[in-house]
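The values are calculated or read from the model by the stated rules, or taken from the named source; none is laboratory data. Nothing here was measured: the structure is a model prediction, and the numbers come from that model. As a convention, Cβ positions derive from the backbone with ideal geometry for all residues, glycine included, and neighbour counts pool all protein chains shown.
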Amino acid sequence: MDKFTVTTLQQLQVPLGGQEIELQQIDFAAGGMGMLRVRIREGRRFTIFDLDPATARAWGDAMSQWAQAQPGGQAE
């Protein structure tokens, strides 16, 4: 039996660096808190973060605030 299930939520390609970013939902078979996995691929190298909901929200809020403050970053 699998210990957890992985569901891809979003895949992004960074235009300038070529990195591939994948956001995944991690659900554990035993239940409990789901996690957000962030996988960043640079060539053959992977960086992986497993985030709890509070950390994911704080990171997402910080990224949204930064993007909105940039030229052309305001949502229409």
Conditions (1) surrounded by fewer than 12 Cβ atoms within 10 Å (Cβ to Cβ); (2) in a strand (DSSP E or B): number failed by T5: (1)
Which numbered condition G18 misses (of (1) loosely packed, with under 12 Cβ neighbours inside 10 Å; (2) assigned to a helix (DSSP H, G or I); (3) not acidic (D, E)): (2)
Hits in region 34-61 - residues which are surrounded by 13 or more Cβ atoms within 10 Å (Cβ to Cβ) and either among the hydroxyl-bearing types (S, T, Y) or not in a strand (DSSP E or B) (or both): G34, T55, A56, W59
Residues of region 6-37 that turn out to be over 10 Å from the mean Cα position of the chain (by Cα) and more than 17 Å from P53 (Cα to Cα), as a count: 10
One residue from A29, A62, A67 being at pLDDT 95 or above and among the small types (G, A, S): A62
